[in-house]
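In what follows, a single structure is set out as structure tokens and then discussed.
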Amino acid sequence: MSEALDPTPYDALLLLSFGGPEGPDDVVPFLENVTRGRGIPKERLKEVGQHYFLFGGVSPINDQNRTFLDALRKDFAEHGLDLPVYWGNRNWAPYLTDTLRDLVRDGRRRVLTLATSAYASYSGCRQYREDLAAALATLRAEGQETPRVDKLRHYFNHPGFVRPVIDGVLESLADLPEEVRDGAHLAFTTHSIPTAAADTSGPAETHGDGGAYVRQHLDVARVVADAVRAETGVDRPWQLVYQSRSGAPHIPWLEPDICDHLEERHAAGAPAVVMVPIGFVSDHMEVLYDLDTEAAAKAAELGLPVRRSATVGADPRFAAAVRDLVLERAARESGRGATPCALGALGPSHDLCPVGCCPARTPKPAAAGADSPYP
């Protein structure tokens with residue numbers, strides 16, 4: 001194996017995702033896992049689960065992860081990267097703790113983790129690290145040797161993530177009626193989070209006024225909008241908007257909501273809107289319901305032509321980006337030189353989450369960071 005394709009010191013890659021129900025009987029137990037510790041009644045969970053029941057009680061995220069696993073394994077094999085890929089979820093089978101047991105059983109001792117969340121935030125990064133720490137604690141309590149687990153840097157601005165987004169926007173624009181195409185606005189969407197969580201996202205020096213979460217999304221949106229302008233010759237209005245809000249109504253969350261934004265754009269005379277879900281790696285439930293169902297219904301009510309561009313999903317360029325990220329991290333860990341790829345103004349993200357990065361309201365141990373209890 002050439003040095004360029006040497007994953008040393010890592011002997012496995014772990015795809016770490018959210019998980020989702022795979023049938024009607026799974027919906028409430030899945031939501032109980034997601035909301036554990038919050039004291040939400042089962043009847044309320046059944047109400048929340050209606051989004052899943054509309055789709056037969058099945059979230060698409062697990063099948064999308066299976067497809068992405070195939071894409072990763074195919075890319076690694078075609079490029080001579082000998083690194084097995086495992087998969088574990090936070091909230092549904094295959095559960096993270098079970099997957100870590102499999103890794104230990106197979107003799108894996110140095111694991112690199114790819115989370116299916118591209119940006120900095122508590123729910124998108126530190127909570128995954130907390131779940132890793134909890135799973136490692138379980139293995140340690142069982143008397144098993146715990147592997148060292150590191151986490152790949154945020155990949156929101158890697159070319160292999162951004163270029164498929166650009167192409168998705170171009171395809172959506174081409175699908176609009178010609179008479180509204182050049183006037184179409186771009187609405188870049190991501191998951192709304194409490195403003196307090198946004199303000200403290202990323203390292204401490206980035207805290208305040210949306211923190212790293214908002215800055216990273218804005219930077220990617222600007223790169224995509226600039227590329228679309230360069231390739232179409234049209235300078236389109238664009239805005240970062242939010243979706244999928246949950247939680248108590250008195251707590252401030254990031255706004256505007258995509259449906260409110262569509263109403264505002266229609267009132268302002270926009271002839272069409274392309275919704276660009278840059279905050280999501282794949283077309284999971286929050287994309288299918290909040291954009292393809294709810295926002296699409298709002299646009300139809302308004303008589304506003306809309307298109308929703310594709311998420312990155314299992315695009316081969318994204319799989320290649322993961323290979324690049326793995327080799328980049330492996331080279332640095334081994335003392336070899338590595339030049340990270342990143343588009344936009346922010347540059348490549350940190351390898352190791354520093355102390356104070358995306359803090360939780362209630363502090364918990366978190367693995368794969370500067371404050372990890374697991375060396």
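The values are calculated or read from the model by the stated rules, or taken from the named source; none is laboratory data. Note that the structure is predicted; figures quoted are calculated from it, not measured. Cβ placement follows ideal geometry from the backbone for every residue including glycine, while neighbour counts extend to all protein chains displayed.
Is it fair to say residue 143 is surrounded by fewer than 19 Cβ atoms within 10 Å (Cβ to Cβ) and more than 14 Å from the chain's Cα centre (by Cα)? When the stated conditions are applied, residue 143 passes them.
If you check residue 131 against the conditions, is it among the charged types (D, E, K, R), assigned to a helix (DSSP H, G or I) and surrounded by fewer than 21 Cβ atoms within 10 Å (Cβ to Cβ)? Criteria not met by residue 131. For the stretch 244-296, taking the residues that are modelled with pLDDT of 95 or more and of a type in the set (S, T, N, Q), the one that is surrounded by the most Cβ atoms within 10 Å (Cβ to Cβ) is identified as 282. The set of residues in the stretch 23-39 being out of contact with any helix residue (DSSP H, G or I) (no Cβ under 6 Å at 6 or more places or on another chain) and closer than 24 Å to residue 135 by Cα consists of 26, 29, 30, 32, 33, 34, 35, 36, 37, 38, 39.
Quick check: anything in the stretch 299-317 polar (S, T, N, Q) and modelled with pLDDT under 95?
No, that holds for no residue.
Scanning the stretch 87-97 for residues that are in contact with a strand residue (DSSP E or B) (Cβ under 7 Å, 6 or more places away or on another chain) and either more than 16 Å from residue 36 (Cα to Cα) or part of a helix (DSSP H, G or I) (or both) yields 87, 88, 94, 96. Please work out which residue is modelled with the lowest pLDDT, limiting yourself to the stretch 49-65 and to residues that are buried (at least 16 other Cβ atoms within 10 Å of the Cβ) and part of a helix (DSSP H, G or I). Here the answer is 51.
Select the helices (runs of 4 or more DSSP H) contained entirely in the stretch 283-342, then report the ones holding at least 2 residues which are of a type in the set (Lys, Arg). Break it down into steps so the answer makes sense when it comes.
Details: elements: 285-289, 296-302, 316-333.
The qualifying helices (runs of 4 or more DSSP H) are 316-333.
Would you confirm whether or not the stretch 347-367 contains a residue that is surrounded by 14 or more Cβ atoms within 10 Å (Cβ to Cβ), over 19 Å from residue 125 (Cβ atoms) and in contact with a Pro (Cβ under 8 Å, 6 or more places away or on another chain)? Looking for residues that are surrounded by 14 or more Cβ atoms within 10 Å (Cβ to Cβ), over 19 Å from residue 125 (Cβ atoms) and in contact with a Pro (Cβ under 8 Å, 6 or more places away or on another chain), one finds none in the stretch 347-367, hence no. Exactly one residue out of 344, 335 is of a type in the set (Gly, Ala, Ser) and surrounded by fewer than 17 Cβ atoms within 10 Å (Cβ to Cβ): that is 335. Sort through 75, 70 and tell me the only one that's within 18 Å of residue 22 (Cβ to Cβ), part of a helix (DSSP H, G or I) and within 21 Å of the chain's Cα centre (by Cα). That would be 70, the only listed residue that is within 18 Å of residue 22 (Cβ to Cβ), part of a helix (DSSP H, G or I) and within 21 Å of the chain's Cα centre (by Cα).
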